[in-house]
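Undergrad: Got a structure here, written out as structure tokens. Questions coming.
The values are calculated or read from the model by the stated rules, or taken from the named source; none is laboratory data. What you are looking at is a predicted structure, and each value in this text was computed from that prediction instead of being measured. A quick note on method: Cβ atoms are made from the backbone with ideal geometry, for glycine too, and the neighbour counts reach across all protein chains shown. For accessibility, only protein heavy atoms count, side chains too; no ligands or nucleic acids. Shrake-Rupley method; radii C 1.70, N 1.55, O 1.52, S 1.80 Å.
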Amino acid sequence: MFTGGSKEMRKKKAMINIIFSLLLQLVTVISGFIVPRLFIGRFGSEVNGLVNSIGSFVGYITLLQSGVGSVVKASLYKPLAHKDKRQLCVIAKTADVFFNKIAIATLIYLGVLSFVFPAFIAKDFGWIYTATLVVIVGASTAAQYFFGITYQMILEADQRSYVYSIIQIITVVINTILVVVLLRLNCSVQIVKGVSAMIYVARPIVIGAYTKKRYSITKNVECDDSLIKQRWDGFIQAIALFIHQKTDIFVLTIFTTFTDVSIYSVYVMVTTGLSSLLDAIDKAVRAAFGNIIACGEKDTLINTFNAYNTLIHMLSTICFSTAAISIFNFISVYIRDISDTNYIRPVFGLLIISAEFIYCLRMPYNSIIYAAGKFRETKIPAGIEAGLNIVISCCLVPVLGLSGVAIGTLIAMLYRCYSFSLYLTKDVLFIKMSSQVKRFVITFIAYIGNVSLISRVKVISHNYIEWILYAGVVFLLSSIITIVTNYALDKKGTVGAIKMLVRK
């Protein structure tokens, strides 16, 4: 049932998780490029914006469980490390009871939203047309709380997220194939999204069945609400993440048009695709951090963090400088046959890429905070981040449009990144803040160097093959400049990061 917490076992499990997580993100990114493009071509930018807005509004129900997921996962590391089956069952039952309440609330929320959204927000569309979309899009959200979210957390905490990744890969591939076929057959948007919902409803059911059998989880134990006593502290952390992911579409829906939402979704498809690839690595390493902390290995924690932090900074620099240079070529190819609006927005594009770049740089700090369960200690900075994002975005969108939400997100990310690094260096890792400042300075030198030098060569791509070749060259040059810059300014950290990458 349980596996050991040795260094070799952690490395092996982390490697497997990273491989399958990266494969999942690769499949998801490819699907994310194919499906939205066909969807916009079939239904238009406005309908695409409507569907994205509905998805964002449906996602607001996740606020009810905000903080519980991270707190539950943090509480799982110790019983998994010490093979405490009874405590594992107690945590599973406690979480299940809580999430079942969320599932019921989700159903009620969908009923209300199916009336409110078409009546007050999407007035240009038919009531039945919009209401059915709300119910269909929300179906898979309700299903995950009823059937699978607790068991997904157990797999992730035990460094077995590869099981979840494999199931995800299968569902994404099946969904992509069926959606492409349905779009080719000119099926309605309700049928297309309905088929997707049915596929994703099956996913949590399979995850739950596997995990219950794998860990022999039983329900003949008593709930222990003290296990989630930090949920209100974790709530603030989750709110900040939620606002980062959802507030832009909410603000754009209220203050602009569904067409602007569609434009935003195309750019964010690229940035979230990149951050998801890095997040796949982060989630696998976070579970290892949790095990290291549970076993009290302080020196291992600091050494692993330093190498991992440098690695994430280097990978983020390469990925996002490549995106900043090549994204407009990609957008031109991606929407070349769509003429209902202008998708080329240079200022917005560069701002949203920069915001997501900063978000990825804070991943190592976020991993330690979550793995150590330091929710209460960091809830105030998380709340400030959320407030900055909302207030700045709402103030600037009426004046600057899409660029307004990007600026709000960027400023919030800069603040949170600083606050995270300050807290960890003083209260968790006890390392010098000057070393972290140096790390950020080196990263920004490499990023600015990549963009300023490589973008001097102007290239226009006419098809995907040309763009792939162009992006590949940009990626290679960015990699060379990034590695050389980091090696010249931080030889020890760069060598440690590369060794970690090679080992994994």
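Undergrad: Sorted by average packing, counted as other Cβ atoms within 10 angstrom per residue and highest first, what order do 160-170, 348-358 take?
TA: Descending mean neighbour count gives 348-358, 160-170.
Undergrad: With a point put 7 Å past each Cα toward its Cβ, work out how far Val347 is from Val502 in nm, to one decimal.
TA: 4.7
Undergrad: Something else now. Name the helices (complete DSSP H segments) of the chain with a Cα length along the long axis of 27 Å or more and a Kyte-Doolittle mean of at least 0.5, or state none.
TA: Result, helices passing both filters: 7-43, 85-116, 127-147, 161-184, 189-214, 231-255, 258-294, 298-334, 379-400, 402-427, 433-454, 464-489.
Undergrad: Another question, then. So how exposed is Tyr109, as accessible area in Å² (1.4 Å probe, rounded to 10)?
TA: 60
Undergrad: Also, I was wondering about something else. Using +1 at the C-beta of Lys and Arg and -1 at the C-beta of Asp and Glu, which of Leu23, Ala307, Ile205 has the Cα lying farthest in the positive direction of the dipole of the chain?
TA: Among Leu23, Ala307, Ile205, the one farthest towards the positive end of the dipole of the chain is Ala307.
Undergrad: Take the residue pairs Lys212/Lys283; Lys85/Lys212; Lys298/Lys432 and return only those whose Cα atoms are more than 20 Å apart.
TA: Lys212/Lys283
Undergrad: Mean projection of the alpha-carbon convex hull of region 381-504 over all orientations, in nm²?
TA: Orientation-averaged projected area of the Cα hull: 11.2 nm².
Undergrad: Determine one quarter of the surface area of the Cα convex hull of the chain, which equals its mean projected area, and express it in nm² to one decimal.
TA: Over every viewing direction, the Cα hull of the chain projects on average to 22.0 nm².
Undergrad: Keeping all protein chains in place, calculate the accessible area per residue for the chain (probe 1.4 angstrom), answer in Å².
TA: Ligands and nucleic acids excluded, the figure is 42 Å² per residue.
Undergrad: Taking 8 Å as the Cα distance limit and 6 or more residues as the minimum spacing, I'd like the relative contact order of region 287-386 as a percentage.
TA: For region 287-386, the relative contact order is 40 percent.
Undergrad: At what distance in nm do the modelled label points of Leu476 and Gln190 sit from each other, each positioned 7 Å from its Cα along Cα→Cβ?
TA: 5.2
Undergrad: A follow-up question, please. Taking a 1.4 Å probe, which of Trp127, Trp467 shows the most accessible area, and what order do the others take after it?
TA: Trp127, Trp467
Undergrad: Oh, and also: Percent of accessible area on the chain owned by carbon and sulfur, 1.4 Å probe?
TA: About 67 percent, which is the carbon plus sulfur part of the accessible surface.
Undergrad: Can I ask one more? Taking only Cα atoms of region 113-172, what ratio of Rg to Rh do you get with Rh as the Kirkwood inverse-distance radius?
TA: Computed over Cα atoms, the ratio is 1.22.
Undergrad: Return a whole-number percent for the relative contact order of region 130-224, with Cα pairs under 8 Å and 6 or more residues apart as the contact set.
TA: Result for region 130-224 is 45 percent.
Undergrad: Evaluate the charge dipole of the chain about its Cα centre and quote only its size in Debye, nearest 20, assuming +1 on the Cβ of each Lys and Arg and -1 on the Cβ of each Asp and Glu.
TA: 1500
Undergrad: Compute the orientation-averaged projected area for region 74-121 from the convex hull of its Cα atoms and round it to one decimal in nm².
TA: Mean projected area of the Cα convex hull: 4.4 nm².
Undergrad: In addition: Work out, step by step, the length gained on full extension between Thr218 and Ile302: first 0.36 nm times the residue separation, then minus their alpha carbon distance; give nm to one decimal.
TA: Contour length minus the Cα-Cα distance gives 26.5 nm.
Undergrad: Here is a follow-up. At q = 0.12, 0.19, 0.26, 0.27 Å⁻¹, what is the base-10 log of I(q)/I(0) for region 434-504 according to the Debye formula with one equal point scatterer per Cα and no solvent? Please give it to two decimals.
TA: -0.42, -0.83, -1.13, -1.17
Undergrad: Can you give the FRET efficiency to the nearest 0.05 for Lys123 and Met198, using r as the Cβ-Cβ distance and R₀ = 25 Å?
TA: Calculated value: 0.30.
Undergrad: Hey, what's the per residue convex hull volume over the C-alpha atoms of region 277-398, in cubic angstrom?
TA: 121
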